[in-house]
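Below: one structure, written as structure tokens.
The values are calculated or read from the model by the stated rules, or taken from the named source; none is laboratory data. In this text the structure is predicted, and so the values were computed from the model without any measurement. Positions of Cβ are backbone-derived with ideal geometry, glycine not excepted, and every protein chain shown enters the neighbour counts. Just the protein is used for accessible areas: all its heavy atoms, side chains included, with ligands, DNA and RNA removed. Shrake-Rupley method; radii C 1.70, N 1.55, O 1.52, S 1.80 Å.
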Amino acid sequence: DARGRWYKSNLQGHSESWGGVTDGSSSGSEYYDAYRNMGYDIIGLSNYQEISPAFPGDRLYVPVYEHGWNVWKRHHLCVGAKSVIWHDYPLYQSIHHKQFMLNQLKPTCNILVINHPKFLYGFQPEDFAKLTGYDCIEVLNHYRRSFAHWDSALTAGRPAWIIGNDDTHDVSKRDETGRYWTMINSVKANTKYIIASLANGNAYGVSGWDGYMDNRLISVEVRGLKMTVSCDSIADQILFIGQNGIKMGSFKNVKTAYYVFKGTDTYIRTEIV
């Protein structure tokens with residue numbers, strides 16, 4: 001459903017906070033200005049255990065924070081956060097501990113994201129065959145790409161959407177600022193509609209440099225068993241990935257590609273290169 005406008009968003013990043021205990025190296029205004037100068041519409045500041053107020057003049061403020069103070073970086077992004085949960089398991093976490101934290105966090109926000117699951121192996125791909133009660137996986141995060149975790153969830157029938165975030169801690173560093181983001185399609189330019197659009201999957205994740213995207217999604221159409229994906233310029237490749245992360249089809253040097261679902265397919269996701 002792409003009837004609205006596309007909004008460029010980064011919902012995960014850090015500034016100076018907690019008296020320097022955490023490693024954010026930029027001020028809040030420096031953080032905001034860096035993303036505004038790269039053409040971002042939605043700029044989320046997700047300092048640990050803290051919901052930051054809106055920046056002056058920010059019409060599309062989304063309250064977010066990053067939950068987690070455990071050793072192995074088992075973190076969550078609470079989007080549309082209403083309150084902060086301080087409970088955590090600082091050292092060991094079984095699959096039951098991980099599920100318990102999801103159960104605690106979900107009622108306090110509109111969208112619950114499992115952050116950078118590959119980081120320090122905080123989450124294993126096989127965890128996602130069991131975990132429930134979250135909405136999105138931060139598949140794209142600077143230095144960390146968690147496709148195996150996402151495919152594990154999708155293969156198990158968990159309808160998790162992709163999120164792309166920089167998770168920058170220093171906006172002066174090019175390799176962690178303007179690298180990954182999420183395009184969200186919304187029919188109205190307000191926080192309520194944008195959050196609802198992300199929850200419904202009207203979004204896609206992007207990898208790039210300096211916030212620049214060299215191709216754009218035009219449409220995804222499903223008619224019967226045929227799915228057609230169209231871009232605004234020629235892509236090097238359009239890939240169709242299915243259960244267990246297996247490549248099910250590919251097209252080279254095209255603007256449009258299609259896939260016809262087989263009876264054995266449980267899901268298909270698309271990568272545009």
query = What is the gain in length, in nm to one decimal, between residue 271 and residue 225 on full extension, counting 0.36 nm per residue of separation less the C-alpha to C-alpha distance?
reply = 14.7 nm
message = Rounded, prolate or oblate for the chain? Axes are the square roots of the Cα gyration tensor eigenvalues, ordered a ≥ b ≥ c, and the cut-off for rounded is a/c under 1.5.
response = oblate
task = Can you tell me how much longer the chain between residue 234 and residue 187 gets when fully stretched, taken as 0.36 nm per residue apart minus their C-alpha distance, in nm with one decimal?
result = 14.2 nm
query = Where nothing but the Cβ of Lys and Arg (+1) and of Asp and Glu (-1) is charged, how large is the charge dipole of the chain around its Cα centre, in debye to the nearest 20?
reply = 940 debye
message = With a 1.4 Å probe and all protein chains left in place, how much accessible area per residue does the chain have, in Å²?
response = 46 Å²
task = Compute the length gained on full extension between residue 210 and residue 124: take 0.36 nm times their separation in residues and subtract their Cα-Cα distance, giving the result in nm to one decimal.
result = 27.9 nm
query = Which of the cysteines in the chain are isolated, no other cysteine C-beta under 4.7 Å?
reply = 136, 231
message = Using each residue's phi in region 150-164, evaluate 6.51 cos²θ - 1.76 cosθ + 1.60 at θ = phi - 60° and report the 3J(HN,Hα) Karplus result to the nearest Hz, with x for Gly and Pro.
response = 5, 5, 4, 5, 5, 4, 7, x, 8, x, 9, 8, 7, 10, x
query = Mind checking which lysines have their C-alpha under 17 Å from residue 118, skipping anything on the same chain fewer than 8 residues away?
reply = 73, 98, 130
query = Rounded to the nearest 20 Debye, what is the dipole magnitude of region 114-232 about its Cα centre when Lys and Arg each give +1 and Asp and Glu each give -1 at the C-beta?
reply = 340 debye
ask   = What list of ³J(HN,Hα) couplings, whole Hz, do you get for region 263-269 from phi and the Karplus terms 6.51, -1.76, 1.60, once you set θ to phi - 60° and write x for glycine and proline?
value = x, 8, 6, 9, 6, 9, 10
request  = Return the calculated 222 nm mean residue ellipticity for the chain, to the nearest 500 deg cm²/dmol, obtained by summing -39500 (n - 2.57) across DSSP H runs with n ≥ 4 and dividing by the residue count.
outcome  = -4000 deg cm²/dmol
task = Pop out the carbon and sulfur fraction of the accessible area of region 102-202 as a percent, whole number, probe 1.4 Å.
result = 53 percent
